[in-house]
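> Got a structure for you, written out below as structure tokens; questions coming shortly.
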Amino acid sequence: MSRFLLIDSNASFEQKLRLALAGGLPGEMATISPDSVIGEAHELLSLIMGNRPEVIVLGPGLATEDALRLATVMDVQFPGLSVVLVAEATPELVLQAMRAGVRDVISPLADIPSIRILLERASQVFASKYLKMFPGATPSSEQGLVIGVFSPKGGVGKTTVATNLAVGLGKLAPMNVVVVDLDLQFGDVASALYLDPEHTMTDAVSNSASQDSMVLKAFLTVHPANIYALCAPLEPVMADLISADQVTHVLQQLTAQFKYVVVDTGPGLNEHTLAALEQCTDAVWVAGMDVSSVRSLRTGLDALRQLDLIPETRHVVLNFADAKSGLSVQDIEASLAAPIDVAIPRSKALSYSTNRGIPILQDEVKDPATKNLKALVQRFDPQLREKRRKLHRRAVVQ
Ligand SMILES: Nc1ncnc2c1ncn2[C@@H]1O[C@H](COP(=O)(O)OP(=O)(O)O)[C@@H](O)[C@H]1O
Ligand SMILES: [Mg+2]
């Protein structure tokens, strides 16, 4: 690993840089020749991945055009890196460099103390950018909870439950929650959270992100409720290009970095959903209060049990709960062969909040649905989780 990476063919500048670093800046420096990276952007990316530098110096031996191209590639792939360009700083060049994401331009004739100060500043910027991007991220030694929201049917409230759960957990663990949209064809987490994502799952499974969790995090979208979102691809056809193995890997990367990974899924049990089930510590099963919804959940659960694909901890949510539906909680529990843990009433405020893209738990709207969604969130509060293990309360439908 080298903290500073010089891309240059000019030995005299390399010597200057080494002298500047020798004056008190900790960390190694590596030099690579431009020939190996200019033609092939992926060579550069794998070199960066291998060395994990904080500061890249584009030396005076590089043609300006090549240097700016490399800077642009790095700015897109590694937005946290500090890139310094060594060139005579004309106003035109400075403007171009800024657009390419270069942090500073320094003259090849600069003296050693000036170079040292500039490198020091560049590495400080790296540290603060890194922290800003991932302020609450936990170190990779601690594994978080992976909570999947599932149901064989569409329209039963999975996305509503998943987004509210993520927002509620964001209050327990700010910046330590990510909601992942695994309804890869028609996912609507972005719309339920009123996000306009710049990057999606397509970027998250790319080579650069799958090899480096820091790159992966740069592809997440930050939501004002202090949570991150990994949104579904913008085009349904892109879903076909994402394999179950890629889903598994991205969930494992996120689990190592976040305390809570909430996974919204599409209807049915496709390969992406099965991959998610395997990674989940907790499954939230959602059923509507109608015979067909309950029956399909029972069939689905039976099939998964046979495949031994049921996550360790189960939470059953009855949505659109309505005492006048002609079904009782007891009927449904008997059909499901499982107790209902949380019942969410049919609520105008809830459907209004999804349509506006502001989860009801974000706005703290006074509504019975808010109360019950909070009860669902509490099931994942580590302090209450222990207590709950000892106690099971039957849900009450009003
Ligand atoms: N308890 C509820 N009361 C009223 N409307 C609800 C309730 N739960 C969900 N909805 C609405 O139902 C629709 C489908 O919900 P959604 O969460 O998108 O389902 P899914 O993700 O399972 O397809 C949305 O418009 C949502 O606002
Ligand atoms: Mg949905």
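> Any idea which of Pro382, Cys280, Ser151 is furthest toward the positive side of the dipole for the stretch 145-389, if Lys and Arg beta-carbons carry +1 and Asp and Glu beta-carbons -1?
Going by the Cα projections, it comes out as Pro382.
> To the nearest 0.05, how large is the calculated FRET efficiency for Leu309 and Glu198 if R₀ is 41 Å and r is the Cβ-Cβ distance?
Details: r = 34 Å, r/R0 = 0.82.
According to the calculation, E is roughly 0.75.
> Under a crude label model (7 Å from the Cα following the beta-carbon direction), how far is Ser12 from Asn355 in nanometres?
Those two pseudo-labels are separated by 7.2 nm.
> Using 29 Å as the Cα-Cα cut-off, could you pick out the over-long pairs in Lys16/Lys217; Lys158/Lys217; Lys153/Lys348? Mind dumping the intermediate values first?
On the way: Lys16/Lys217 35 Å; Lys158/Lys217 24 Å; Lys153/Lys348 21 Å.
Listed pairs above 29 Å: Lys16/Lys217.
> Excluding residues fewer than 8 places away in the same chain, name every one of the aspartates and glutamates whose C-alpha is closer than 17 Å to that of Lys371.
Straight-distance partners of Lys371: Asp322, Asp341, Asp363, Asp381.
> Efficiency by 1/(1 + (r/R0)^6): what FRET value for Ala334 and Gln211, r their Cβ-Cβ distance, R0 = 35 Å, to the nearest 0.05? Please list the in-between numbers first.
Details: r = 49 Å, r/R0 = 1.41.
After rounding to 0.05, the efficiency reads 0.10.
> I've got another one for you. Which log10 I(q)/I(0) values, to two decimals, does the chain give at q = 0.15 Å⁻¹ under the Debye formula with one point per Cα?
-1.22
> With labels modelled as points extended 7 Å from the Cα through the Cβ direction, what inter-label distance (nm, one decimal) is found for Thr248 paired with Val94?
In this crude label model, Thr248 to Val94 measures out at 5.3 nm.
> Now for a different question. When Lys and Arg each count +1 and Asp and Glu each count -1, what net charge do the other residues less than 10 Å away from Ala162, Cβ to Cβ, add up to? Present the calculation step by step, with values, prior to reporting the outcome.
Values: positive: Lys158; negative: Asp181, Asp183, Asp264.
So the environment of Ala162 carries a net charge of -2.
> What number, rounded to the nearest 500 deg cm²/dmol, is the helix-based mean residue ellipticity at 222 nm of the chain, given -39500 (n - 2.57) per DSSP H run of at least four residues and division by all its residues?
Details: 19 runs with 185 residues, N = 398.
It lands at -13500 deg cm²/dmol.
> How do Leu109, Leu309 rank by accessible surface area computed with a 1.4 Å probe, from largest to smallest?
Numbers: Leu109 140, Leu309 25 Å².
The ordering from most to least exposed comes out as Leu109, Leu309.
> Averaged over every viewing direction, what's the projected area of the C-alpha convex hull for the stretch 4-133? Give it in nm², one decimal, please.
Numbers: hull surface 28.7 nm².
That works out to 7.2 nm².
> Which value in nm describes the separation of the simple spin-label points at Glu120 and Glu28, placed 7 Å from the Cα toward the beta carbon?
2.4 nm
> Before I look further, what does the chain give for accessible area per residue, probe 1.4 Å, in whole square angstrom?
Numbers: 18210 Å² over 398 residues.
Heavy-atom SASA per residue in the chain reads 46 Å².
> While we're here: Note down the net charge around Leu119, summing +1 for each Lys or Arg and -1 for each Asp or Glu among other residues with Cβ under 12 Å from its Cβ. Each step should come with its number before you reach the end.
Details: positive: Arg3, Lys16, Arg18, Arg103, Arg116, Arg121; negative: Glu54, Asp104, Glu120.
Here the count lands on +3.
> Please determine, in degrees from 0 to 90 and to the nearest 10, the orientation of helix 368-378 with respect to the longest principal axis defined by the Cα atoms of the chain, where the helix direction is its Cα long axis.
Approximately 60 degrees, to the nearest 10.
> So for each of 266-276, 235-245 I average, over its residues, the number of other beta carbons within 10 Å; can you give me the resulting order with the highest mean first? List each step's numbers first, then the result.
Working: 266-276: 18.8, 235-245: 13.6.
Top to bottom by mean Cβ count within 10 Å: 266-276, 235-245.
> Gln185 to Ser36: FRET efficiency via 1/(1 + (r/R0)^6), r the Cβ-Cβ distance, R0 41 Å, to the nearest 0.05? Please list the in-between numbers first.
Working: r = 40 Å, r/R0 = 0.98.
Using R0 = 41 Å, I get an efficiency of 0.55.
> Roughly how many percent of the accessible protein surface of the chain is carbon and sulfur, given a 1.4 Å probe and a whole-percent answer? Could the numbers behind the result be given before it?
On the way: 9570 of 18210 Å².
Whole-percent figure for carbon plus sulfur exposure: 53.
> So for the chain: antiparallel DSSP bridges make up what percent, rounded to the nearest 5? Walk me through the intermediate numbers first.
Values: 3 of 46 bridges.
Among the beta bridges of the chain, antiparallel pairing accounts for roughly 5 percent.
The values are calculated or read from the model by the stated rules, or taken from the named source; none is laboratory data. Computed from a predicted model, the values in this text were never measured in an experiment. Neighbour counts run over all protein chains shown; Cβ positions are idealised from the backbone, glycine included. These area figures cover heavy atoms from the full protein model, side chains too; ligands, DNA and RNA do not enter into them. Shrake-Rupley method; radii C 1.70, N 1.55, O 1.52, S 1.80 Å.
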